[in-house]
Structure formats: structure tokens, C-alpha cells
Amino acid sequence: MSRHITIIGAGLVGLATAFELTELDPECSVSILDPAPLSGASHHAAGMLAPAAEMQYQQDALVPLMRQSALWYPSLVRRVALAAHSDPDDPYVTGFRRDGTYVVAADSADRVHLAETRDFQESFGMKATQVTVRQLRKAEPALSPNLSGAVHIPGDHQIDPRVFGDLIIGALKNRGVEIVKRSATPFDVNPDDVTIVANGLGAPEFFPYLQLRPVWGDVLRLRVPAELDPLVTSVIRGFVRDRPVYVVPRIDGGLVLGATSREDGRGRPLVGGALDLMRDADTICPGIRECTIDEITAGARPGTPDDLPYIGIDDGTGAVVSTGYFRHGILLTALGARVGAALATAGREATADESGSVDAQTRATDSDSLADEHGSLEKRLVKGNELLARADDDDAPELTLDDILASTDIHRDV
Ligand SMILES: Cc1cc2nc3c(=O)[nH]c(=O)nc-3n(C[C@H](O)[C@H](O)[C@H](O)COP(=O)(O)OP(=O)(O)OC[C@H]3O[C@@H](n4cnc5c(N)ncnc54)[C@H](O)[C@@H]3O)c2cc1C
């Protein structure tokens, strides 16, 4: 009997999870509930896919997850584009650009910070090469000659979450997935059915034990005048008087300037935040003065106490929980979608083959036995720690979906 799976939340995570479900089990019917698809954090995000540049101290457990997700991204983009009957190599239709990242320092103190960050990245085996400002400006002539240092990270890329989100919606339509524009309530989590709760900051309404908090970010969207386009081609991240700023160029002549980080609960963009971003971006890339402003918005990242996402099965209802992707949710979408889809199809043996496509061998199961299996499972949440040793070892083969599922941890203090 073919099963039905309901996904609550059509952010990038919910949409990509629906897509992986259709890959894993073409027979299952999937519907997504969301009053305003792609209106949450995914709408505001810059979409940097930056396992190296986004590394922060004391986030060791997150590193293997970010790195694995980055490895899975090209496969996800390709499969979605093909399912949407689009060209997977056209960045205009996928929003995916592989032009790498430069991290730059404004003054000598920022240069020290940059050097420390590079050492930290290299200690995890990430490729981050120091370049002179001259080399930097040869690649990106619009950057300021007054910068004090730069590092090139060739493996950190970007995707436009709005473009990619729309592409996934197109792919899902082709596969018969229904998107129902209404708000879900806890009554939609039916233990006899399979539900995936992927509604970002809204998830505690369903499971109050989830400790999520909104971490607001102001972000600007600019447009480069035709005569200056492209202003930059790589993602440019900077430290300016120890404050982070980034300039992310879109293929259509747009630029995303971001982002502040504040927990003051103010859901509208702040003038002070926008001013700081514009000043700091002007310091590293004066050409932004010639751009026009398309948008200034503020979005809320779904923050967790330890910066790790919540991916697991709720023991009370059997629902799959997939939220708390915090600052890295666009990057972690490739991983979260695969793990979420695999957990939802518990009762199957899911493996990731070398090409990155998901292969599943179905064990006979109907909705009753599935509910039993879910009922017997405890809440499982992904922990990166067990993956760390593998990720640190350069000779280790790429992690598989099975490795990640095996590392889900039954207990986490919530
Ligand atoms: C300013 C900013 C910049 C960022 N930059 C980056 C970046 O460069 N790289 C990166 O990797 N990450 C970035 N992030 C983080 C990233 O955006 C998030 O982690 C990610 O988008 C989370 O995706 P999601 O699908 O879980 O949640 P969301 O995108 O928030 O989607 C949740 C969805 O659930 C829906 N919903 C809520 N309640 C209900 C309900 N009761 N019923 C039905 N639907 C419901 C909402 O309408 C929404 O569409 C950034 C975030 C911000 C705010």
C-alpha cells in the first residue's frame, strides 16, 4: 500500500525533504502544509554554502555536518533541476554558483583575526589560501586597495535560496506533490500517518521541548548598474573593525549585503543595522555606492542552544522533527533533507551510493507497522561528534547517509 506523508513547513528544508522523499519512494504521496511557502528564514538568507568560512570556535560537532552537506549539494541541485525539466548547469535557473569565496580584512587587527580564522579552518583540513591584496584585486578589481589581508577559499560557494526554492517547487509539482496553503496545527500530527515537522521557528508549537529562539538578521538586496556588472564574481566576506559583513553577487546583477545578528526581538529591519552593513561593505567594496537598493529586510534564524539542528523522531507522536538549522540552514538543507526523508521512511534500508543518489530497498510495510516502528523509536537527534573523527581523517571515505543515521543520538538535553 502506498503511504502518505505530510510535511509541515515549505521553507528550503521542508521543500527539499519532500523532494528527497519522492526520490526515495516514488510511490508515496506527499503533501506540504504552509500558509506562505518560502516566507521564513529561507526567504531572507544570502545562501552562502560555506563549510569553511562559516566555521566558528566551539562548533566542532557542526563541521562534519556542514562539510557533508556541501558535498551533497551538487547532486541535490542536479537532481532537482532535472526533475523540474531545467538545465542543471544553468546558474540562472538553479541559483547555484561555484565561484568560491574571498575573506578579507580591513585593518591590521582584522588581519590578525583573519589569520587566526585561517589556522582554525586549516586545522580541520579546509582549504584556505592566503593571497596578497594585489592577487585579490587581480581577481576582484572592485575591492578596495586599502585592505590589509585576504584569504581565498575555493570550495565555499553559494545558492540563491529564492531561485532554488522555486525550482524545487517546480520539480515537486511535476512529481504530483501538493502544496496546501494553510497553517498546520498540532492536530495535523497524526500518529497513524507520517508527519515531518519542518516549520523552522514554528516547531515549538508542536513540540514545546524544542529550544528555539529567533536570531534576527538585517539584510539588504542591491542592484548593480549595468555598466558595472559584475561588480564582484566571488562571495566576499569581510572583517571590518572586527565586525563581519558579506557581499554575495547574484548571477542576475543583484548583490546581497548581510547580515547583522541580534536577539532583541525586533522583527523589522533596523536603521543602525543597515547603516553598519552599508558602511562596512563600502570599506571593502566602494563600488556598492553606485548600486540601487531593491530591499531591506530582517529575517529570523532558528537558533538552538548548541548551534546543532534538531533532526530526529519524536517518541510521543512518531513525527520526524527537522528544524533548528540556525545560521547554516541553506547549507545544511542537502543533509537535512536526506536524513529527514530517510527517517520518515523508517522501515526501509536507505543508503547513499557513491554517485550521491539515494537508493532504498523497501521492506514490506503498511501504515500500521510503520506506526508501530515509529512508536518504538525514541527521539533521535543528530550529533556530529561521532562523525568528527572520520571527518578529521583525510584518508577516510566520504560519509554516507547510513553513517549519519547511525550517529543519531537518542538522548540530548532539551
Ligand atoms: C539574514 C539571514 C541570512 C542567512 N544566511 C544564510 C546563509 O548565507 N547560508 C546558510 O546556510 N544559512 C543562512 N541563513 C539561515 C537559513 O536561512 C535558515 O537556517 C534556513 O532557511 C532554515 O530553513 P527552514 O526551512 O528550516 O525554515 P524557514 O525557511 O524559516 O521555513 C519555515 C516555513 O515554515 C512555515 N510555517 C511556520 N509555521 C507553520 C505552521 N504552523 N504550519 C505550516 N507552515 C508553517 C513558514 O511559513 C515557513 O515557510 C540565514 C538566515 C538569515 C535570517
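Of the residues ILE251, ILE284, which is buried (at least 24 other Cβ atoms within 10 Å of the Cβ) and more than 14 Å from the ligand (Cβ to nearest atom)?
Among ILE251, ILE284, only ILE284 is buried (at least 24 other Cβ atoms within 10 Å of the Cβ) and more than 14 Å from the ligand (Cβ to nearest atom).
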Subset of segment 171-195, residues more than 20 Å from VAL80 (Cα to Cα) and more than 15 Å from the ligand (Cβ to nearest atom), comes to PRO191, ASP192, ASP193, VAL194
Which numbered condition GLY329 misses (of (1) under 30 Å from GLY217 (Cβ atoms); (2) modelled with pLDDT under 50) = (2)
Tell me, yes or no, whether segment 201-213 has at least one residue that is more than 10 Å from the ligand (Cβ to nearest atom) and closer than 20 Å to MET48 by Cα.
-> no
Residue count, segment 288-336, condition farther than 20 Å from ALA18 by Cβ and in a loop (DSSP other than H, G, I, E, B), comes to 8
Qualifying residue in segment 202-221 (condition: among the acidic types (Asp, Glu), in a helix (DSSP H, G or I), at pLDDT 95 or above and farther than 30 Å from ASP99 by Cβ) = yes
Starting from segment 319-339, take each residue that is under 13 Å from ARG67 (Cα atoms) and of a type in the set (A, V, I, L, M) and list its partners that are in a helix (DSSP H, G or I) and away from the ligand (no atom under 11 Å from the Cβ), counting only C-beta distances under 6 angstrom and pairs at least six apart or across chains.
-> ALA334/TRP72; ALA334/LEU76; LEU335/LEU65; LEU335/GLN68
Note: among THR260, THR233, just one is hydroxyl-bearing (Ser, Thr, Tyr), under 30 Å from ASN146 (Cα atoms) and away from the ligand (no atom under 15 Å from the Cβ), namely THR233
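The values are calculated or read from the model by the stated rules, or taken from the named source; none is laboratory data. The structure displayed is predicted, hence computed values, not measured ones. Virtual Cβ from ideal backbone geometry, glycine too; neighbours counted across all protein chains shown.
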